[in-house]
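The values are calculated or read from the model by the stated rules, or taken from the named source; none is laboratory data. Keep in mind that what you see is a predicted model, and the values were worked out from it rather than measured. Glycine also receives a Cβ, built like all others from the backbone with ideal geometry; neighbour counts cover every protein chain displayed. Ligands, DNA and RNA are stripped out before the accessible areas are found, and what is left, the full protein with its side chains, is counted by its heavy atoms. Shrake-Rupley method; radii C 1.70, N 1.55, O 1.52, S 1.80 Å.
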Amino acid sequence: MLARVYSSSVLGIDPYIVEVEVNIEYQAFRYTTVGLPEAAVRESKERVISAIKNSGFRFPPKNYTVNLAPADVKKEGSAFDLPIAVGILAALGYVDQAKLHNYVMLGELALDGTLRDVKGALPISVGVRESEHTGLILPAQNAREAAITNEVEVIAVNNLLDAIQFLNHQKEIEPLSVDADAIFAEKQNYPLDFQDVKGQTHVKRALEVAAAGGHNVIMIGPPGSGKTMLAKRFASILPQLTLDEALETTKIHSVAGSADATGGVVARRPYRSPHHTISDAALVGGGRIPRPGEVSLAHHGVLFLDELPEFQKNVLEVLRQPLENSEVTISRATLSLTYPANFILIAAMNPCPCGYLTDPTHDCTCSSPVIQKYMGKISGPLLDRIDIHIEVPAISFEELSGKEQGETSTSIRERVQASRDRQQQRFKSRKHLHANADMSPKDIRGICRLDSASSELLKTATEQLGLSARAYDRILKVSRTIADLAEAESIQVEHISEAVQYRSLDRQLWMA
């Protein structure tokens, strides 16, 4: 007796169909799972047998062989419980096999036959949409997430018996439908606003420039100056996620098991703030069973690294690939996975170990060698990928106690969106560019042309302020963004002048 059921899994965030074949022979009891199953798949035997018995079906002692094809790809996770159980019951004659080809199934079984949620429902739903199958049977907890595509017949079941009765036409279950646009619009509001931040007008301006051009930022200032508060609100001034961006971001969170089952879609730009004790595998992804790291969970959003010099040096260095390529590649002996990682890095640090080097109200207790060692923890190659360096001063009492309200995130975001629209128009013939920060040296030479006055100012700044050679391209990128915010066709002297102010860590006088 042979039955064939279909399931699915993911490699990275890319789904693939898994064919679950069950063969039963009249021999002594034996249960074998083949097709490179990992531990969680091999352990499904006990869950499946108990779930079948506790759902009211007989499980006769025969020779059961379960094959998961393709057999040369490792299968992991507990999502194969439901299709294996359905395959066994179909081979035993309890299930009408007429509808089995139409549906892809996934779900973890409890011992009593109820279904628990699984990871990767959204990317699997997208994969089903592009396959020859028409529907997806999965736990009710994952149904809203899977139904976001609105192009797949999503059947939500609570237990094994529900799935069997649906396949046998004994129970009608209406396909779940959700209004993706309504969910998307409802969840786009940010709970934090730039209006909450007192003072720091020039820092807010620098962050507006960063948001407009997609530039990475490092903020240097004493404790309590508002660096973390500003970083938490940075995502609120970024352009709203498009539906395509939201679906791509949700796929990553779904694979990682952090998707919001109640809302179904990540509608706000992600904000991730890992602790400085994080490992390199947790930051960029990896592990024995590869999973997306913080940089991928921040895709289309913000990665905030507070107290940057406190991170391990090897952890900071692995950031170089995602910052350069907007993706992370994890290689293993048997496979290579790529996760998207297009994020804006916001880093914050104190100017010295005690934190008070630039604070006029506190005395710094650090010696020059200690300060230089502290600053030296940030390598040149990493710093080379950060366009904007901004000093954040301590806030005065007058600023804290003032009643004047700052500008709202909504009004800032409108200017940022207008700037991004101008960039998209400029880059429409360059499909690899999405924002000014993405420009390569070749793109910069063609797009960021300077008149004689602007060129002379940049030359003077490089020579007199001790700016490094690598700062040249960064200044041109940021200048182009400032010009876009000013609705200027070309880069002017005032745009270069402002951009130069955003290169604090490249100035030789900073260390002096």
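Give me the helices (runs of 4 or more DSSP H) completely within region 415-512, filtered to those with at least 3 residues that are within 28 Å of Ile237 (Cβ to Cβ), ordered by residue number. Full working, then the answer.
Working: elements: 441-447, 452-464, 471-485, 493-500, 508-511.
Correct list: 441-447, 452-464, 471-485, 493-500.
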Among the numbered criteria (1) of a type outside the set (A, V, I, L, M, F, W, C); (2) open to solvent by 40 Å² or more (accessible area, probe 1.4 Å); (3) more than 18 Å from Leu319 (Cα to Cα); (4) within 30 Å of the chain's Cα centre (by Cα), which one does Pro351 miss? (2)
Give the residue that is least open to solvent (accessible area, probe 1.4 Å), with candidates limited to residues of region 307-342 that are in contact with a helix residue (DSSP H, G or I) (Cβ under 6 Å, 6 or more places away or on another chain) and part of a loop (DSSP other than H, G, I, E, B). Ala341
Among the candidates Ala483, Ala499, single out the residue that is buried (at least 17 other Cβ atoms within 10 Å of the Cβ), over 27 Å from the mean Cα position of the chain (by Cα) and over 24 Å from His300 (Cα atoms). Ala499
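Scan region 27-82 for residues that are among the hydrophobic types (A, V, I, L, M, F, W, C), more than 20 Å from Gly120 (Cα to Cα) and not in a helix (DSSP H, G or I) and report the count. Even if it seems obvious, please write down each step before you answer.
Initial filter on region 27-82 (among the hydrophobic types (A, V, I, L, M, F, W, C)): 28-29, 34, 36, 39-41, 48-49, 51-52, 57, 59, 66, 68-69, 71, 73, 79-80, 82.
Among the residues that remain, those that are also more than 20 Å from Gly120 (Cα to Cα) are: 28-29, 34, 48-49, 51-52, 57, 59, 66, 71.
After this cut, where a residue has to be not in a helix (DSSP H, G or I) as well, the list is 28-29, 34, 57, 59, 66, 71.
The total comes to 7.
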Take Gly293 and tell me if it is in contact with a Pro (Cβ under 6 Å, 6 or more places away or on another chain) and of a type outside the set (Phe, Trp, Tyr). no
Could you check, for region 446-462, whether at least one of its residues is within 28 Å of the chain's Cα centre (by Cα) and surrounded by 13 or more Cβ atoms within 10 Å (Cβ to Cβ)? no
Qualifying residue in region 208-225 (condition: surrounded by 16 or more Cβ atoms within 10 Å (Cβ to Cβ), part of a helix (DSSP H, G or I) and among the hydroxyl-bearing types (Ser, Thr, Tyr)): no
Any residue in region 378-389 that's modelled with pLDDT of 85 or more and part of a helix (DSSP H, G or I): show its pairings with residues that are open to solvent by less than 20 Å² (accessible area, probe 1.4 Å) and not hydroxyl-bearing (Ser, Thr, Tyr) at Cβ separation under 7 Å, as long as the two are six or more apart or on different chains. Leu382/Leu316; Leu382/Leu319
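Would you call Leu247 open to solvent by 10 Å² or more (accessible area, probe 1.4 Å) and in contact with a strand residue (DSSP E or B) (Cβ under 9 Å, 6 or more places away or on another chain)? Steps first, answer last, please.
Details: open to solvent by 10 Å² or more (accessible area, probe 1.4 Å): yes; in contact with a strand residue (DSSP E or B) (Cβ under 9 Å, 6 or more places away or on another chain): no.
So Leu247 fails the test.
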With respect to Glu407, is the statement that it is part of a helix (DSSP H, G or I) and more than 30 Å from Gln321 (Cα to Cα) true? no
Restricting attention to region 278-303, report how many residues are open to solvent by less than 10 Å² (accessible area, probe 1.4 Å) and hydrophobic (A, V, I, L, M, F, W, C). 5
